[in-house]
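This report refers to the structure that appears directly beneath it.
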Amino acid sequence: SRIPPSKVERGPATMMNADMDAVEAENQVELEEKTRLINQVLELQHTLEDLSARVDAVKEENLKLKSENQVLGQYIENLMSASSVFQTTDTKSKRK
């Protein structure tokens with residue numbers, strides 16, 4: 001009923017191998033999780049860069065449109081001041 005020495009010697013080594021396999025599997029899972037998180041961070045950074053570029057483009061377009069609106073407003077004001085339709089009339093002088 002005694003265990004042969006060869007099996008006793010193999011027992012702890014087999015357990016060490018199993019422990020090492022478990023640690024290696026855990027390390028692999030951690031590495032995969034880190035890789036996934038790094039990829040997610042990189043994707044979010046690219047999204048932020050894209051959004052930032054879009055905001056800059058919209059700001060630039062907004063400034064351009066404001067400038068165009070000022071020019072058009074001045075043009076309309078000049079047309080109105082040159083037109084007799086928009087001239088103010090002196091109602092007192094007409095009554096005399």
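The values are calculated or read from the model by the stated rules, or taken from the named source; none is laboratory data. Please read all numbers here as calculations on a predicted model, not as lab measurements. As a convention, Cβ positions derive from the backbone with ideal geometry for all residues, glycine included, and neighbour counts pool all protein chains shown. We work out accessible area using only protein heavy atoms, side chains counted, and drop any ligands, DNA or RNA first. Shrake-Rupley method; radii C 1.70, N 1.55, O 1.52, S 1.80 Å.
Some values worked out for this structure:
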| quantity | calculated |
| --- | --- |
| Residue within segment 68-86 that is surrounded by 10 or more Cβ atoms within 10 Å (Cβ to Cβ), at pLDDT 95 or above and aromatic (Phe, Trp, Tyr) present | yes |
| Qualifying positions in segment 46-63 - open to solvent by less than 80 Å² (accessible area, probe 1.4 Å) and not aliphatic (A, V, I, L, M) | THR47, SER52, ASN62 |
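Listed here are the residues, each with its yes/no results for (1) within 30 Å of the chain's Cα centre (by Cα); (2) surrounded by 10 or more Cβ atoms within 10 Å (Cβ to Cβ); (3) on the phi > 0 side of the Ramachandran plot; (4) modelled with pLDDT under 60.
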{"site": "PRO4", "(1), (2), (3), (4)": "no, no, no, yes"}
{"site": "VAL8", "(1), (2), (3), (4)": "no, yes, no, yes"}
{"site": "MET15", "(1), (2), (3), (4)": "no, yes, no, no"}
{"site": "ASP19", "(1), (2), (3), (4)": "no, yes, no, no"}
{"site": "VAL23", "(1), (2), (3), (4)": "no, yes, no, no"}
{"site": "GLU26", "(1), (2), (3), (4)": "no, yes, no, no"}
{"site": "GLU32", "(1), (2), (3), (4)": "yes, yes, no, no"}
{"site": "ASN39", "(1), (2), (3), (4)": "yes, yes, no, no"}
{"site": "LEU44", "(1), (2), (3), (4)": "yes, yes, no, no"}
